[in-house]
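What follows is a set of notes on a single structure, which appears directly below.
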């Protein structure tokens, strides 16, 4: 499970092996050739990741200081323009809005996904018939392409003919809620849909974490006369903490950059009410063809993710112990 | 081993009923997708809770309009899986076993890639793709989609390959097998399960990809189903029946894999995230 462990055991063996073959004509050359072959296994992946993850990071920083216009793709010219892109983006009121929406969206989604996911994980930790089947079927929403889920929900949430409003209408409450069409409701609706998408993932990971907790601990707590809620709070939650950290950080990193779902549900509208940093990057670059401005927003997004990556790596380290 | 009293058994079945209700709520949107797809005439009207008759015209329209995009998705995803496994399986082995200097940094870097937002990658990639002539090409999209699965696969397979007993690999080496032969003949067959899990997830990631399809294509030449459906609702606002039918078709691979490969999916979700 840890990263350092395997490397240390193997490196202890490899040189010993190389030196105990006296029959070889030139041990130095053989060892070098051996290393080269070994690097041949790893090199393609390293090159690929440098091209598809490392290079875009660097390129985005450079691009954020360049002036891209629709003409750029004919002339190939994108002259450097100092900090113009940065000041333009930061002065635009839309950026502040998008940043705020991103934070609200991420916090709301994580809170909902996590709480419901945890409740379901606890529920499915009971033993009852068909538990396994139900638990695996619940994964289905997570496996459907996100853009497709978004489109299905767009139909469900339709103000006049969507099934949610007709259902609410029969109950006599809010049968004409403009879920996706009013600027006040749209962000909330998008969050609710994203909670639905994230529940299975949270549930599965937290369920796995719950199973790792030794049963004796619960039995001991029960013998001490602790109530179920007390046991959950004082025994289960502390034991679950590493898994909770991982689930929240992974959830954060996939939520903060969201694009598919919002494009499918609202295209960032109405009146930019669901515009986030992800959609704003897309709009700047691929709709306005101002890749410089897109790169600025993208860099802000990276910065936010980087802060949380630190948490993630910490979580990974504790996890490995 | 206490005997099951009727009340205990009733309570257990009570939990099952609650579980089924939870499942119904969670899967309702997917039911509604199927239900709407079977009522192509409803158009912009309200959809009945259950289809009155079995009207498959929405599906036949979806297949004639979107069938090609399904094939594109399949081709791109299979290509992405091939690239992903070809690159990540040897790397996972190398990182697990060779004790190369820098291995830790590489594993660290692999974990870090998860924080790079896709739209940032697309932003830079589009410009390079224009220069390299990879925009609107199958190969370009396969490469980009492979990037969705590679870090995950390396981490997952590596954590498995670390656990292969050293004696097995040494035995192969004593028999005279070089590292490549050992890898192909011994390590890969032993890692079958983690290879399947990685491949499955690489397929699902690529099949679900919308962002690279949207940003790295400017024409209709290479249009996967996700992009096809998205553009379709823009153009045919009233035709929800066939949009939903196409959506159902796009969800079929996920459903099939969930049924056929359940244990690999479960292994992937926990293994890929907690490691």
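The values are calculated or read from the model by the stated rules, or taken from the named source; none is laboratory data. Keep in mind it's a predicted model, so treat the numbers as computed, not measured. Cβ coordinates were reconstructed from backbone atoms using ideal geometry, including for glycine residues, and neighbour counts include every protein chain displayed.
A few notes on this one:
- Filter result (buried (at least 24 other Cβ atoms within 10 Å of the Cβ) and either more than 15 Å from residue A:51 (Cα to Cα) or away from chain A (no Cβ under 12 Å) (or both)) within the range B:120-141: B:141
- With respect to (1) at pLDDT 85 or above; (2) assigned to a loop (DSSP other than H, G, I, E, B); (3) over 25 Å from residue B:133 (Cβ atoms), the lone exception for residue B:238 is condition (1).
- Answer from A:223, A:313, A:237, A:289 - the residue that is farther than 16 Å from residue A:106 by Cα, at the interface with chain B (Cβ under 9 Å from one of its Cβ atoms) and surrounded by fewer than 17 Cβ atoms within 10 Å (Cβ to Cβ): A:313
- If you check B:226, B:197 for being crowded, with 24+ Cβ neighbours inside 10 Å, in contact with a helix residue (DSSP H, G or I) (Cβ under 9 Å, 6 or more places away or on another chain) and over 21 Å from residue A:279 (Cβ atoms), only one passes: B:197.
- Comparison of B:45, B:21, B:27 shows that the only residue that is without any contact (Cβ under 8 Å) to a residue 12 or more places away in the chain, loosely packed, with under 13 Cβ neighbours inside 10 Å and at the interface with chain A (Cβ under 9 Å from one of its Cβ atoms) is B:45.
- Boolean, residue B:111 is in a helix (DSSP H, G or I), over 21 Å from residue B:76 (Cβ atoms) and out of contact with any strand residue (DSSP E or B) (no Cβ under 9 Å at 6 or more places or on another chain): yes
- Qualifying positions in the range A:203-217 - in contact with a helix residue (DSSP H, G or I) (Cβ under 6 Å, 6 or more places away or on another chain) and modelled with pLDDT under 85: A:217
- Those helices (runs of 4 or more DSSP H) of the range A:106-218 in which 3 or more residues are touching a residue at least 24 places away in the same chain (Cβ under 8 Å) and under 19 Å from the mean Cα position of the chain (by Cα) occupy A:140-143, A:146-156, A:183-212.
- Complete set of residues in the range A:280-300 that are within 19 Å of the chain's Cα centre (by Cα), within 13 Å of residue A:98 (Cβ to Cβ) and either touching a residue at least 60 places away in the same chain (Cβ under 8 Å) or not in a helix (DSSP H, G or I) (or both): A:280, A:297, A:298, A:300
- The range B:206-221, subset over 16 Å from residue B:123 (Cβ atoms) and surrounded by fewer than 22 Cβ atoms within 10 Å (Cβ to Cβ), residue nearest to the other protein chains (Cβ to nearest Cβ): B:219
- Filter result (at the interface with another protein chain (Cβ under 7 Å from one of its Cβ atoms) and over 12 Å from residue B:33 (Cα atoms)) within the range A:142-159: A:143, A:145, A:146, A:147
- Residue count for the range A:91-127 under the criterion of being within 14 Å of another protein chain (Cβ to nearest Cβ) and closer than 20 Å to residue B:21 by Cβ: the result is 14.
- Verdict on residue A:14 being touching a helix residue (DSSP H, G or I) at 6+ places or on another chain (Cβ under 6 Å) and modelled with pLDDT under 90: no
- Selection from the range A:293-310 of residues that are more than 10 Å from chain B (Cβ to nearest Cβ) and buried (at least 24 other Cβ atoms within 10 Å of the Cβ): A:293, A:296
- Tally, over the range B:169-191, of residues that are within 13 Å of chain A (Cβ to nearest Cβ) and either in a helix (DSSP H, G or I) or touching a strand residue (DSSP E or B) at 6+ places or on another chain (Cβ under 6 Å) (or both): 12
- Residues that are within 14 Å of residue A:296 (Cβ to Cβ) and more than 7 Å from every other protein chain (Cβ to nearest Cβ), drawn from the range A:46-62: A:61, A:62
- Looking only at the range A:247-258, and only at residues there that are in a helix (DSSP H, G or I) and at the interface with another protein chain (Cβ under 9 Å from one of its Cβ atoms), the one that is modelled with the highest pLDDT: A:256
- Within the range A:259-279, tally of residues that are closer than 30 Å to residue B:113 by Cβ, more than 9 Å from chain B (Cβ to nearest Cβ) and touching a residue at least 24 places away in the same chain (Cβ under 8 Å): 7
- Residue match in the range B:167-184 (condition: at positive phi and modelled with pLDDT of 90 or more): no
- Taking the criterion of being closer than 22 Å to residue B:205 by Cβ and surrounded by fewer than 22 Cβ atoms within 10 Å (Cβ to Cβ), the only residue of the range B:231-247 that qualifies is B:231.
- Number of the condition not met by residue A:88 [criteria: (1) surrounded by fewer than 21 Cβ atoms within 10 Å (Cβ to Cβ); (2) in contact (Cβ under 8 Å) with a residue 60 or more places away in the chain; (3) part of a loop (DSSP other than H, G, I, E, B)]: (3)
- Which numbered condition residue B:95 fails, given (1) farther than 30 Å from residue A:167 by Cβ; (2) more than 11 Å from chain A (Cβ to nearest Cβ); (3) touching a helix residue (DSSP H, G or I) at 6+ places or on another chain (Cβ under 6 Å): (2)
- Hits in the range B:156-168 (condition: in a helix (DSSP H, G or I) and touching a helix residue (DSSP H, G or I) at 6+ places or on another chain (Cβ under 6 Å)): B:156, B:157, B:158, B:160, B:161
- Residue in the range A:264-273 that is within 29 Å of residue A:203 (Cα to Cα), assigned to a helix (DSSP H, G or I) and at pLDDT below 95 present: yes
- The sole residue among B:74, B:78, B:85 that is under 19 Å from residue A:51 (Cβ atoms) and touching a helix residue (DSSP H, G or I) at 6+ places or on another chain (Cβ under 9 Å) is B:85.
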